[in-house]
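Only one structure is covered here, and it is reproduced in the block below.
A short reminder: the numbers here are calculations on the coordinates, not readings from a lab. Small disclaimer: the values here were computed from a predicted structure and weren't measured. Here the Cβ positions follow ideal geometry from the backbone for every residue, glycine too, while neighbour counts run over all protein chains shown.
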Amino acid sequence: MIRFPFSSKRKRMSTILDNVPEAKPGYNKRLMVKGASEIVKNCCNKYLDENGNIQPMNDGMKQNLDTIINEYARQALRTICLAYKDISPNECGPTHELPESEEVKDIEKSDLTLICIFGIMDIVREEVPGAVLQIQKAGVTVRMVTGDNLITAKAIAVICNIIKSEQLNDERVCLEGPDFYERMGGLIVKGGVE
């Protein structure tokens, strides 16, 4: 079994399973991928329908999946996509780990079959919303930095009293990393490299 672990840069984890009877005849290895739905979904060119049959991914299904992802995210759910790929001998190298120098391996980037998208919730601790309000009353501006989908992050920020519902569409209130970096003119690390 070969594993490509999760990292915040990769936003996915993958495992190559051996001895999968349903895999390609003559080569019984299957890549299983789990990760951020907006990333993994874009690597899929097929999906399993409600009867377990493989269907080609089309624009209508992509739109449907995006709607589901956004609806889950608005409910403060982190969305995760499961996908797989039956692999061939020497596909992306003898051990399927090429390119070795890259975070995301070529075998993970395309030709996946989407199995499902589901949402999970990290429960906000009971004392957090009140603590945030108390800190704000003391004059402290509370900020949240997260790797979550922007819609999910906004929903969690409302639950925690970091922002108000009416601020959800204010582009100055919630930013993704690249936008923040651009607006700040880059980042400088003291004693380090920019």
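Computed values, structure above
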{"read-out": "Cα point-scatterer Debye curve for the chain, base-10 log of I(q)/I(0) at q = 0.16 Å⁻¹", "value": "-1.09"}
{"read-out": "Inter-part distance where segment 1-79 and segment 110-145 are each reduced to a Cα centre, Å", "value": "24 Å"}
{"read-out": "Virtual spin-label span in nm between V145 and D170, 7 Å along Cα→Cβ", "value": "2.2 nm"}
{"read-out": "Estimated inter-spin distance, E100 and K9, nm [label 7 Å along Cα→Cβ]", "value": "1.7 nm"}
{"read-out": "Burial ordering of T79, T67, fewest other beta-carbon atoms within 10 Å first", "value": "T67, T79"}
{"read-out": "Dipole of the chain, positive direction: furthest Cα of G147, L112, M1, with charges on the beta-carbon", "value": "G147"}
{"read-out": "In degrees, nearest ten, helix 128-137 long axis to first principal axis of the chain (Cα)", "value": "40 degrees"}
{"read-out": "Relative contact order (%) - criterion: Cα under 8 Å, at least six apart; region: the chain", "value": "19 percent"}
{"read-out": "Residue with peak Gaussian network fluctuation, the chain [Cα springs, cutoff 10 Å], from D148, D111, D170", "value": "D170"}
{"read-out": "Ellipticity estimate at 222 nm from DSSP helix runs (n ≥ 4, -39,500 (n - 2.57)) divided over the chain, nearest 500", "value": "-7000 deg cm²/dmol"}
